[in-house]
Amino acid sequence: MNATIMTTAKLAAIKAIKRDLQAQGLKPVHIERHIIVSVADTYLREHPELLEEAAEIVRKVPQLRTLAERAGANAGETSDERDHANDSKPNTAPFAQCGLQTKRVSDRGKSLAIDPDRA
């Protein structure tokens, strides 16, 4: 199963669980995230139609479709190769499009997006 579809389905399951909690008068923000995710995992197993709905969403949304296609193209790589493919230079383009700059914040070479107005 494609990771993009699984992620979309899991997000739908999490939303359903949060709606159920709210219907019971509970506030999801007062419940630990790992509990909601665990219940959502069970919900997703019990409602396989969410996977079909997620697949349809991925087909309809161009950005998600692109992610799914990339995931399919990278399926032959090991996870270690994918994790370290861009270690030499972080991709800062998404941050720049939002008007954010990146700044090196650790000796491990990781970058963090920062707002130049707040820096």
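Number of residues in segment 5-55 that are closer than 26 Å to Leu67 by Cα and either β-branched (Val, Ile, Thr) or in contact with a strand residue (DSSP E or B) (Cβ under 7 Å, 6 or more places away or on another chain) (or both) equals 8. When the helices (runs of 4 or more DSSP H) confined to segment 1-74 are screened for residues that are touching a residue at least 40 places away in the same chain (Cβ under 8 Å), those reaching at least 3 such residues are found at 3-23, 49-60, 62-73. Kindly indicate whether any position in segment 50-69 is more than 16 Å from the chain's Cα centre (by Cα) and among the hydroxyl-bearing types (Ser, Thr, Tyr). No, segment 50-69 has no match at all.
Values quoted throughout were computed directly from the atomic coordinates according to the rules given, and no laboratory measurement underlies them. The shown structure was predicted, so the numbers you read here are calculated from the model rather than taken from an experiment. Neighbour counts run over all protein chains shown; Cβ positions are idealised from the backbone, glycine included.
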